[in-house]
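Nothing in this text is a laboratory measurement; each read-out follows from the coordinates by a stated rule. Everything numeric here is computed off the predicted structure, so don't read it as measured data. With ideal geometry, Cβ positions are generated from the backbone for all residues, glycine too; neighbour counts draw on all protein chains shown.
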Amino acid sequence: MADDGDRAQRINEQLQADALATHRRKQLTAGDSRLECIDCEEPIPQARRIASPGCKRCIDCQTLHENWRPC
């Protein structure tokens with residue numbers, strides 16, 4: 001018999017799987033990746049362009065972009 005914790009875990013896993021599938025669909029339709037980062041203008045490595053189709057930033061600038069919070 002499943003308890004509330006088990007049900008919550010299954011729901012959480014499904015939500016994560018759905019979010020990942022949505023993200024992957026968006027990436028497939030995002031268009032071509034840039035060769036240079038839109039922020040620092042450094043080359044974006046081919047491995048990143050393959051792993052994240054449609055990327056516009058290098059991994060360092062993307063991390064800063066995602067974690068930036070206004071003061």
query = Summing Lys, Arg as +1 and Asp, Glu as -1, what charge do residues with Cβ under 13 Å from the Cβ of D39 carry, D39 excluded?
reply = -2
query = Of the listed peptides 62-71, 33-42, what is their order by residue-averaged count of other C-beta atoms within 10 Å, with the highest listed first?
reply = 33-42, 62-71
ask   = Do you know the relative contact order of the chain, to the nearest whole percent, from alpha carbon pairs under 8 angstrom that are 6+ apart?
value = 25
remark   = Charge tally for neighbours of I59 with beta carbon under 14 Å away, counting Lys, Arg as +1 and Asp, Glu as -1, is 0
inquiry  = Please give the charge dipole size of the chain, origin at the Cα centre, charges +1 on K and R Cβ atoms and -1 on D and E Cβ atoms. Round to the nearest 20 debye.
reply    = 260
